[in-house]
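A.B. asks: Quick one: the structure is below, questions incoming.
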């Protein structure tokens, strides 16, 4: 039985890492959804002795109602569009292309910022653990999963400390394995399951990724 609420993301990540170690994978790579998923990913990557990287997903908002998603984009040219919603709201192709171009630019900026010039990892044939701090609707994670799937990993595992029944049910059908420590009967927001759910900054994400990369390179150098 997992004790909730989790103290913070680091504590949630450590508990999740302990669970994942019960199901060992060969040569895994951990991918975190920034920003909140990165502290979780750090703890898992440390425990699995795995590299850590990010998957950036950007929502495509309806032009006159930006909080309403008509789709989303991820790395490369990957995109998902809600054609039914687009038709209902009569969003034009020009408006869609404008939204994609704007969010694609922001996605590239964030990837460059977080990776610091490092190339995106090759996921072909790799065992991938995709993590976030929780699943509410699961919409962002679903886009991330489909993007990673398009890169032909050997196995894809989604791991989160907490998630709604609905989101976990949907995502379990999209991945090889879903690991969620706590699936409450009633769920309103991810943050209610953490005592400390302060926002993670871009700078903190950069620092964590750089530290993990430095640690990985140091271990490789020692083993040569």
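A short reminder: the numbers here are calculations on the coordinates, not readings from a lab. In this text the structure is predicted, and so the values were computed from the model without any measurement. Cβ coordinates were reconstructed from backbone atoms using ideal geometry, including for glycine residues, and neighbour counts include every protein chain displayed.
A.B. asks: How far is helix 202-223 tilted off the main Cα axis of the chain, in degrees rounded to 10, range 0 to 90?
C.D. replies: So the helix axis and the longest Cα principal axis differ by about 40 degrees.
A.B. asks: Taking only the C-alpha atoms, wrap a convex hull around the chain and report its volume per residue in Å³ as a whole number.
C.D. replies: Measuring per residue, one finds 132 Å³ for the Cα hull of the chain.
A.B. asks: Kindly rank 177-183, 110-116, 140-146 from highest to lowest mean number of other beta carbons found within 10 Å of each residue.
C.D. replies: So the peptides 177-183, 110-116, 140-146, ranked by packing, come out 140-146, 177-183, 110-116.
A.B. asks: With contacts defined as alpha carbon pairs under 8 Å and 6 or more residues apart, what's the relative contact order of the chain in percent?
C.D. replies: Relative contact order of the chain: 25 percent.
A.B. asks: Oh, and also: For residue 3, project a label point 7 Å along Cα to C-beta. Then give me every residue of region 130-171 with its amide nitrogen under 19 Å of that point.
C.D. replies: 161-162
A.B. asks: With axes computed from alpha carbons, what is the tilt in degrees of helix 93-115 against the longest principal axis of the chain, rounded to the nearest 10 within 0 to 90?
C.D. replies: 20 degrees
A.B. asks: Once the Cα atoms of helix 9-20 and of the chain are each reduced to a long axis, what angle between those two axes, in degrees from 0 to 90 to the nearest 10, is obtained?
C.D. replies: 70 degrees
A.B. asks: In deg cm²/dmol, rounded to 500, what helix-only [θ] at 222 nm does the chain give when every DSSP H run of at least 4 residues adds -39500 (n - 2.57) and the total is split over its residues? Please report the intermediate quantities before stating the final value.
C.D. replies: On the way: 7 runs with 95 residues, N = 224.
The helix-only estimate for the chain comes to -13500 deg cm²/dmol at 222 nm.
A.B. asks: What percent does the relative contact order of region 58-115 come to when contacts are Cα pairs within less than 8 Å and at least six residues apart? Walk me through the numbers on the way to the answer.
C.D. replies: On the way: 52 pairs, mean separation 18.5, N = 58.
Relative contact order, region 58-115: 32 percent.
A.B. asks: Sort the following peptides by mean Cβ neighbour count (other Cβ atoms within 10 Å, averaged over residues), highest first: 76-83, 25-32.
C.D. replies: Answer by packing, highest mean first, reads 25-32, 76-83.
A.B. asks: Residues in region 28-59, backbone N under 16 Å from the label point at residue 189 (7 Å along the Cα-to-beta-carbon vector): list them, ranges by number please.
C.D. replies: In region 28-59, the label zone of residue 189 (backbone N under 16 Å from the point 7 Å along Cα→Cβ) covers 36.
A.B. asks: Now, a different point. Can you give the % of DSSP beta bridges in the chain that are antiparallel, to the nearest 5?
C.D. replies: Working: 8 of 28 bridges.
Of the beta bridges lying entirely in the chain, close to 30 percent run antiparallel.
A.B. asks: While we're on this one: With both bridge residues required to lie in region 50-182, what share of the DSSP beta bridges run antiparallel, to the nearest 5%?
C.D. replies: Antiparallel: roughly 40 percent of the beta bridges in region 50-182.
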